[in-house]
Amino acid sequence: MARVLTVIMGPYRSRASTPQLPLQLTFNDQMGFDQYHPGGNREAVSLLERCARGEGEPFIYLWGEAGTGKTHLLQACCRSAHRAGDTVASLPLRELMAYPPDILQGLESVGLVCIDDIQALCGNEPWELGVFHCYNRLRDSGTRLIVASRLPPSRLPVRLKDLRTRLAWGLTLQLHPLDDEDKLRALQMRARHLGLELTTQVARFLLSRYPRDLPSLWRLLDRLDHATLAAKRRLTIPFLKQYLEERG
């Protein structure tokens, strides 16, 4: 199981209601840069590492299609900054939309803020305005900010034009999908971190017979890790065939 660290902060007070919102913003300490296979994204990863360390561009907009590892890299940035003694906040925006945008108040006191799924606010006027003002406060305070989205800033359907301008303030980085060879290496890297031996032959067999998007492959590797431990067997092609056949 991944260890989850609570980093900041709460409670927040909503202006719309008097009760305080007990909010804990967390990141996954098991998702580091050393557990991400960059493939053709090495330059983007290097720039993110620099930002996490407090160097280079302080505002980064990271985008790419589903499965390219945006969430992993945001978590890695939080982990790197936190281990260096910085204060960090990880905001999964899709989950936070149930709260009022007042929860963004106070983030300017943090060293690094990472906002995932920025596209979730599109069309929500209070949240668009809240993030707009948050951007201004972070810039004024010198807080570093990394946001992630499936779309580039120019294609993000936000209604507030000034927010679109803010989103394009800093450096825009695109993550590209891995090719087949890099997916194989990524699979083997993931398996090593699980303590699972995954030979090149078994990895190629897996890629040829299972959905090739990385989130699905990660979930399968987790299940295979448990299955091989329970059966006290190595992960071989016969074992993999049997496992996949039994589960349809």
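The values are calculated or read from the model by the stated rules, or taken from the named source; none is laboratory data. Remember, it's a predicted structure, so these values are computed and weren't measured experimentally. Cβ atoms come from the backbone with ideal geometry, glycine included; neighbour counts cover every protein chain shown.
For the reader, a short list of remarks on this structure follows.
- The listed residues are Leu145, Leu151, Leu178, Leu173, and the only one of them that is in a loop (DSSP other than H, G, I, E, B), in contact with a strand residue (DSSP E or B) (Cβ under 7 Å, 6 or more places away or on another chain), among the aliphatic types (A, V, I, L, M) and touching a residue at least 60 places away in the same chain (Cβ under 8 Å) turns out to be Leu151.
- Which listed residue, of Phe27, Phe59, is within 19 Å of Ile118 (Cα to Cα) and either modelled with pLDDT of 95 or more or not assigned by TED's automatic domain parsing to the domain that holds Thr143 (or both): Phe59
- Among (1) in a helix (DSSP H, G or I); (2) at pLDDT 90 or above; (3) surrounded by fewer than 19 Cβ atoms within 10 Å (Cβ to Cβ), the one test that Ala203 misses: (3)
- Residues of region 97-106 classified as crowded, with 20+ Cβ neighbours inside 10 Å and without any contact (Cβ under 8 Å) to a residue 40 or more places away in the chain, total: 2
- Checklist (1) under 19 Å from Ala76 (Cβ atoms); (2) of a type outside the set (A, V, I, L, M); (3) surrounded by 16 or more Cβ atoms within 10 Å (Cβ to Cβ) applied to His193, failing item: (3)
- Some residue of region 39-47 being within 17 Å of the chain's Cα centre (by Cα) and within 25 Å of Pro157 (Cα to Cα): yes
- Exclusive hit being in the same structural domain as Trp218 (by TED's automatic domain parsing) and without any contact (Cβ under 8 Å) to a residue 40 or more places away in the chain, set Leu156, Leu187: Leu187
- Residue selection: Lys183 satisfies the criterion of being touching a helix residue (DSSP H, G or I) at 6+ places or on another chain (Cβ under 9 Å), among the basic types (Lys, Arg), modelled with pLDDT of 90 or more and within 27 Å of Pro92 (Cβ to Cβ).
- Residue check for Leu167: under 30 Å from Leu224 (Cα atoms), crowded, with 16+ Cβ neighbours inside 10 Å, in contact (Cβ under 8 Å) with a residue 12 or more places away in the chain and of a type in the set (A, V, I, L, M): no
- The conditions of being under 30 Å from Asn136 (Cβ atoms) and polar (S, T, N, Q) are not met by Gln188.
One line per residue, one yes/no per condition, for (1) exposed (fewer than 13 other Cβ atoms within 10 Å of the Cβ); (2) not small (Gly, Ala, Ser):
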| residue | (1), (2) |
| --- | --- |
| Arg139 | no, yes |
| Ser154 | yes, no |
| Leu187 | no, yes |
| Arg209 | yes, yes |
| Arg219 | yes, yes |
| Asp225 | no, yes |
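- If the condition is being assigned to a helix (DSSP H, G or I) and acidic (Asp, Glu), then region 27-84 contributes Asp34, Glu43, Glu49.
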